């Protein structure tokens, strides 16, 4: 199972080896990370999957940003996240 969080890599100037190393560290066991002061980095088995991951993270980041603008969001526990991930496996599927 992949982590439920997206790490933020330490800042380094664009095009440098330091930025590549920071991104590598932040991407360990993940399909995405934020590059401090740069943006989002994703990877997957192919471009459509990497793009889908990017879209989902950007949507979640926007939701979190909007929630923070009006107060402190209530985050789900790891147990509830696991439960939700299980439920989403069959969400919207017709039962035979």
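When you scan the range 39-53, do you find a residue that is in a strand (DSSP E or B) and exposed (fewer than 10 other Cβ atoms within 10 Å of the Cβ), even just one?
If we filter the range 39-53 for residues that are in a strand (DSSP E or B), which is where we start, we get 39-42.
Restricting the remaining residues to those that are exposed (fewer than 10 other Cβ atoms within 10 Å of the Cβ) gives 39.
Checked against the condition, which is being in a strand (DSSP E or B) and exposed (fewer than 10 other Cβ atoms within 10 Å of the Cβ), the range 39-53 yields at least one hit.
Among the residues of the range 7-22, what is the count of those that are more than 20 Å from residue 57 (Cα to Cα), touching a strand residue (DSSP E or B) at 6+ places or on another chain (Cβ under 9 Å) and either at pLDDT below 95 or part of a loop (DSSP other than H, G, I, E, B) (or both)?
Counting residues in the range 7-22 that are more than 20 Å from residue 57 (Cα to Cα), touching a strand residue (DSSP E or B) at 6+ places or on another chain (Cβ under 9 Å) and either at pLDDT below 95 or part of a loop (DSSP other than H, G, I, E, B) (or both) gives 2.
The values are calculated or read from the model by the stated rules, or taken from the named source; none is laboratory data. Every value quoted in this text rests on a predicted model; they were computed, and no experiment measured them. Reconstructed Cβ throughout: ideal geometry from the backbone, glycine too, with neighbour counts over all protein chains shown.
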